[in-house]
Amino acid sequence: MRVNVTVNGEPRRADNVWEGESLLYVLRERLGLPGSKNACEQGECGSCTVYVDGVPAGACLVAAGQAEGRDVVTVEGLAEGDALDPVQESFVEQGAVQCGFCTPGLLVAAHDLIERVPEPSDVEIREALAGNLCRCTGYEKILDAVRDAAAKKALR
Amino acid sequence: MSAPARSPQELQDTIAGGIGESPLRPDGTLKVRGEFAYSSDLWHEDMLWGATLRSPHPHARIVRLDVSRALAQPGVHAVLTHEDVPGENVYGLKYQDTPALAGDLVRYQGEPVAILAADHPEIARQALKEIVVEYDVLEPITDPERAAHDDTLPKLHPGGNLVRHQRIVKGDPAATADVVVSGVYEIGMQDQAFLGPESGLAVPAEDGGVDLYLATQWLHVDQRQTAKALGLPLEKVRLTLSGVGGAFGGREDLSMQIHSCMLALRTGRPVKMSYNRLESFFGHVHRHPAKMYYEHGATKDGELVYVRAKMYFDGGAYASKTPVVVGNGTTLSVGPYNVPNAHIEGWGVYTNNPTCGAMRGLGAVQPTYAYESQMDKLAAALGLDPAELRIRNAMSEGSTVVTGQVVDFPAPVAELVQRVRDLPLPPEPTGERDIRDLPGGASNTTHGEGVVRGIGYGVTIKNISYAEGLDDYSTARVRLEVIGGEPVALVHTAAAEVGQGLVTLQQQIARTELGLTRVSVHPADTSVGDAGSSSASRQTYVTGGAVRNACRAVADAVYALAALRLGRAVEGATLAGGKIVAADGEVVADLAELLGETAVEETREFHHRKTYPLDPETGQGDAHVQYGFSAHRAVVDVDLDLGLVKVVQLDCAQDVGKAMNPDAVVAQIQGGSAQGLGLAVMEEILVKDGKVRNPSFTDYLIPTILDMPPMRVDVLERPDPHAPYGVRGVGEPPTISATPAIANAIRAATGLELPRVPIRPEHITGT
Ligand code: FES
Ligand code: FES
């Protein structure tokens, strides 16, 4: 089948898509956007989180066909040109990235949280990111990064 | 054939910062932009997808294997079995006992039996179902203790079912004491659960060889094992590290290396393999489960008199790192304590359970849980404060460990315990509590009634680097040249960046040693000498040492060049700010001018000081290079009715010798502690009759951000005079000491024995 989807603001088309393919597969293998990660492909780890029509979703659980006509934003779409989004900047600066495999999904989830709740409390951050597994950091620096990003965004 | 699209990037960087500072990672921006090329992101025009058929049985004879139907599927390009392994069908880290593809016997559930390559991953998956395998199912051997002693069991390997037995005898093994406590402790099978799947891309080369781009911990050991199975000379099997999504020991053994290369060589096309999460649970080795019998004897004043222990490590189907687990487990068996008399025995065995091998804290996690449980039991028997008992027995510089080795470097164990004990405690809960802070959290299972609080300690000793006589070294090549009018250093090693921050550290060392700002890190590959493994907390020490040595050789070459130009030697020259500075502070040359078009390049190795094998009878010997120490204090709340646990706070004090990058050190301690927390209360691969019950992130639980409590980290720097820059390996100790601290805190809260981790609700409620 053919899937038409807007990705990071650009209309994109994928041909010869198999019925069983996920949005994640289409993004990574057909559209050349490997930023969203394939850690579990079971909807458990959050590494593949992207915005679908403005709402964060696990791209591994979205069937390619379901993405037809939707507006998708991936981690590759968070920065504007060379300018990183504050969450991206803060993740680098606060040492919240180690292996970084969880990072793209966490960035989308954290970006969404700060959009919705400009000054999140620690408990709110923890609840919002509870669906994103990270095996390396122990999360402490991720908390630091989200706090820092919220503060940065408030200033902009 | 060309390199894959999205191949590993050279890490350029302009972030300043030398040793002791905390510059940012050079790969950080790539990672947050989603542009960093992990091994599962690799892509090549014309590539095929590889897939693996695995045994559903833990123990079976293969009586028929027919791949013809699978091969006939449209879109399938090759289907290969053990008969197609071009070289020797056997590999292994310590013992050569693991087939690349099973021959007539499978020894664990998930053992690879056949591989194939197809146009699309889905075609590959469907085609696997067309491979016909008839098994004669055999009774699995699953009890490690029986496997160690019962000679009537069938032999899983020609040499029997024992991988290694090690005895350690110190002082009077039959010593007696006033106060004696004993216990039997068990630890479940933990998984590394790195997020980036096992994956890579094999590209066939014109010369009949193959280029493999992959995520691993040790390129050269993979190269050696893969080349042997492919029947190719080493130089025809070239490996390049691509982005690694965590490792923690789980990437020390081979997974898709030989398979992807076999398929690429057979089809003449690039072949990508990427495991899904289910397959990942079968595709890598796990932490050894263990059963440990311990007895501690002490004087009435609380001085340890003896330790006697027997420990059984379940190695599963193949040896992997089992010999090292037995070595580490026994030599570290009494912990960071002075013990005059000991009798320790450890067995590592083959069974038909999943294969176990390396995981963070290798071989030390198991005994630490046991001896730290014992220390609390002993404190209770003596009426002593648990921290006080530990301080009273703490080893220190000059102590003799259980193998007779004298510790000739700082060992501030008592201080670590004191420091972690003295950190402020969280406030005692009063009044109405936010349910999200209580055990059970937002599921609203309690409002504080039935919840009790406990405090516990865990202290550990872990050996750093490879032990027992191995010449464990690393190699670094450093080139200095002028680019854009500025001196730039390029560091090239084969050392694997697995997330720990080694790339940052390589830059810090080069900046410090060469007195310049711009340092790039070349992708790690096998075109430079061996760096050894990114494991055993050894890379900062060993590869750090090699980069330092190479930089110093480059500096010497530069001084020689300057002497030639100036017509005189420069007294006490150093490099700073891109200039050569004499001892008296005089700037004698500008690097950019001096070098001009010339590039200076030097390659150096670093070998750590010698270690020695253990005496097979007494277990005495200077087996270890260096030790790392850490102490944790955990505060937990336990809901006695439901058995739910909330870790309220987890604090750590650790000696790192020298904090090369203080922020990264703290991050390692936090991350390691989270894995220790996981083992304490949630992480276990459940195995029944040799079969894994929970191979998914739905059922194998790792800590989330809701499970991790706030942490205070107190970093000590007591330089080791024998180590480069005084460093002490950092990565493993925090994982090890976190688990018993939490287990001891749960015991303190509940008064229960709890002789097994992970501690589950039913262990607390007794249901
Ligand atoms: S990869 Fe989609 S949730 Fe894990
Ligand atoms: S940084 Fe490795 S999984 Fe989060």
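The values are calculated or read from the model by the stated rules, or taken from the named source; none is laboratory data. These figures come from a predicted structure and were not determined experimentally. Cβ sites come from the backbone with ideal geometry, for glycine too, and all protein chains shown count toward neighbours. Note: accessible area is taken over every heavy atom of the protein model, side chains too, but ligands, DNA and RNA are not part of it. Shrake-Rupley method; radii C 1.70, N 1.55, O 1.52, S 1.80 Å.
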Notebook entry, point to check: Residues in the stretch B:671-691 that are in a loop (DSSP other than H, G, I, E, B), more than 27 Å from B:Asp651 (Cα to Cα) and either within 16 Å of ligand 2 (Cβ to nearest atom) or among the β-branched types (Val, Ile, Thr) (or both): how many?
Noted result: 0
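Residues are listed down the side, and each one gets a yes or a no for (1) part of a helix (DSSP H, G or I); (2) among the acidic types (Asp, Glu); (3) closer than 27 Å to B:Pro112 by Cα; (4) open to solvent by less than 30 Å² (accessible area, probe 1.4 Å):
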position: B:Gly361; (1), (2), (3), (4): no, no, no, yes
position: B:Pro367; (1), (2), (3), (4): yes, no, no, yes
position: B:Ala370; (1), (2), (3), (4): yes, no, no, yes
position: B:Ser373; (1), (2), (3), (4): yes, no, no, yes
position: B:Lys377; (1), (2), (3), (4): yes, no, no, no
position: B:Arg390; (1), (2), (3), (4): yes, no, no, yes
position: B:Ser396; (1), (2), (3), (4): no, no, no, no
Item checked: Filtered residues of the stretch B:486-515 (kept if open to solvent by 20 Å² or more (accessible area, probe 1.4 Å) and part of a strand (DSSP E or B)) -> B:Glu486, B:Leu490
Notebook entry, point to check: Only one of B:Arg54, B:Arg64, B:Arg125, B:Arg107 is in contact (Cβ under 8 Å) with a residue 24 or more places away in the chain, open to solvent by 30 Å² or more (accessible area, probe 1.4 Å) and within 14 Å of chain A (Cβ to nearest Cβ); which?
Noted result: B:Arg125
Note to self: Can you find a residue that is crowded, with 22+ Cβ neighbours inside 10 Å and within 16 Å of ligand 2 (Cβ to nearest atom) anywhere in the stretch A:1-19?
What the structure shows: no
Item checked: the stretch A:93-140, residues that are over 15 Å from B:Lys31 (Cβ atoms) and hydrophobic (A, V, I, L, M, F, W, C) -> A:Ala109, A:Leu113, A:Ile114, A:Val117, A:Val123, A:Ile125, A:Ala128, A:Leu129, A:Ala130, A:Leu133
Notebook entry, point to check: Before we move on, is B:His607 in contact (Cβ under 8 Å) with a residue 12 or more places away in the chain and open to solvent by 50 Å² or more (accessible area, probe 1.4 Å)?
Noted result: yes
Checklist line | Given (1) out of contact with any Gly (no Cβ under 8 Å at 6 or more places or on another chain); (2) of a type outside the set (Phe, Trp, Tyr); (3) assigned to a helix (DSSP H, G or I), index of the condition B:Thr739 fails | finding: (1)
Check: Filtering the stretch B:31-49 down to residues that are more than 7 Å from chain A (Cβ to nearest Cβ) and surrounded by 24 or more Cβ atoms within 10 Å (Cβ to Cβ), which residue is nearest to B:Leu195 (Cα to Cα)?
Finding: B:Ser39
Item checked: Sole residue being more than 14 Å from ligand 2 (Cβ to nearest atom), in a helix (DSSP H, G or I) and open to solvent by 20 Å² or more (accessible area, probe 1.4 Å), chosen from A:Lys141, A:Lys152 -> A:Lys152
Note to self: I'd like the full set of residues that are surrounded by fewer than 19 Cβ atoms within 10 Å (Cβ to Cβ) and among the basic types (Lys, Arg), limited to the stretch B:447-485.
What the structure shows: B:Arg453, B:Arg479
Checklist line | Subset of the stretch A:128-144 (residues that are within 16 Å of ligand 1 (Cβ to nearest atom) and touching a residue at least 12 places away in the same chain (Cβ under 8 Å)) | finding: A:Ala128, A:Leu129, A:Gly131, A:Asn132, A:Leu133, A:Cys134, A:Arg135, A:Cys136
Check: With respect to the numbered conditions (1) in contact (Cβ under 8 Å) with a residue 60 or more places away in the chain; (2) within 23 Å of B:Glu45 (Cα to Cα), which one is the sole condition not fulfilled by A:Leu24?
Finding: (1)
Check: Before we move on, is B:Glu303 of a type in the set (Asp, Glu), open to solvent by 10 Å² or more (accessible area, probe 1.4 Å) and more than 14 Å from chain A (Cβ to nearest Cβ)?
Finding: yes
Next item on the list: Quickly run through the stretch B:644-699 and pick out the residues that are of a type in the set (Ser, Thr, Tyr), surrounded by fewer than 21 Cβ atoms within 10 Å (Cβ to Cβ) and either free of Cβ contacts under 8 Å to residues at least 12 places away in the same chain or away from ligand 1 (no atom under 16 Å from the Cβ) (or both).
Entry: B:Thr698
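Okay, residues lined up against (1) β-branched (Val, Ile, Thr); (2) touching a Lys or Arg at 6+ places or on another chain (Cβ under 8 Å); (3) within 13 Å of ligand 2 (Cβ to nearest atom); (4) more than 18 Å from B:Pro709 (Cα to Cα):
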| site | (1), (2), (3), (4) |
| --- | --- |
| A:Leu84 | no, yes, no, yes |
| A:Gln98 | no, no, yes, yes |
| A:Leu107 | no, no, yes, yes |
| A:Asp112 | no, no, no, yes |
| A:Gly131 | no, no, no, no |
| A:Arg135 | no, no, yes, no |
Note to self: Quick check on the stretch A:34-43. Is at least one of its residues away from chain B (no Cβ under 14 Å), open to solvent by less than 40 Å² (accessible area, probe 1.4 Å) and closer than 20 Å to A:Val108 by Cα?
What the structure shows: no
Next item on the list: Please work out which residue is farthest from the other protein chains (Cβ to nearest Cβ), limiting yourself to the stretch B:178-196 and to residues that are within 17 Å of B:Thr368 (Cα to Cα) and in a strand (DSSP E or B).
Entry: B:Ser182
Check: Quick check: anything in the stretch B:683-699 under 24 Å from the mean Cα position of the chain (by Cα) and within 27 Å of B:Pro386 (Cβ to Cβ)?
Finding: yes
Margin query: Return the residues of the stretch B:249-286 that are under 16 Å from the mean Cα position of the chain (by Cα), away from chain A (no Cβ under 14 Å) and charged (D, E, K, R); say none if nothing qualifies.
Written below: B:Glu252, B:Asp253
Next item on the list: Could you tell me whether any residue of the stretch B:81-95 is within 14 Å of chain A (Cβ to nearest Cβ) and either at pLDDT below 95 or open to solvent by less than 20 Å² (accessible area, probe 1.4 Å) (or both)?
Entry: no
Note to self: Testing B:Gln539 on (1) loosely packed, with under 15 Cβ neighbours inside 10 Å; (2) touching a strand residue (DSSP E or B) at 6+ places or on another chain (Cβ under 6 Å), one condition comes back false. Which one is that?
What the structure shows: (1)
Notebook entry, point to check: Do the conditions hold for A:Arg116, that is, is it away from every other protein chain (no Cβ under 13 Å), in contact (Cβ under 8 Å) with a residue 40 or more places away in the chain and open to solvent by 50 Å² or more (accessible area, probe 1.4 Å)?
Noted result: no
Item checked: Count - residues of the stretch B:727-746 that are over 22 Å from B:Arg287 (Cβ atoms) and not β-branched (Val, Ile, Thr) -> 1
Next item on the list: Please give the number of the condition B:Ala175 fails out of (1) part of a loop (DSSP other than H, G, I, E, B); (2) in contact with a helix residue (DSSP H, G or I) (Cβ under 9 Å, 6 or more places away or on another chain); (3) aliphatic (A, V, I, L, M).
Entry: (2)
Next item on the list: Could you tell me whether any residue of the stretch B:596-604 is in a loop (DSSP other than H, G, I, E, B) and touching a helix residue (DSSP H, G or I) at 6+ places or on another chain (Cβ under 7 Å)?
Entry: no
Note to self: Can you tell me how many residues within the stretch A:55-110 are within 14 Å of A:Asn8 (Cα to Cα), facing another protein chain (nearest Cβ under 9 Å) and open to solvent by 40 Å² or more (accessible area, probe 1.4 Å)?
What the structure shows: 1
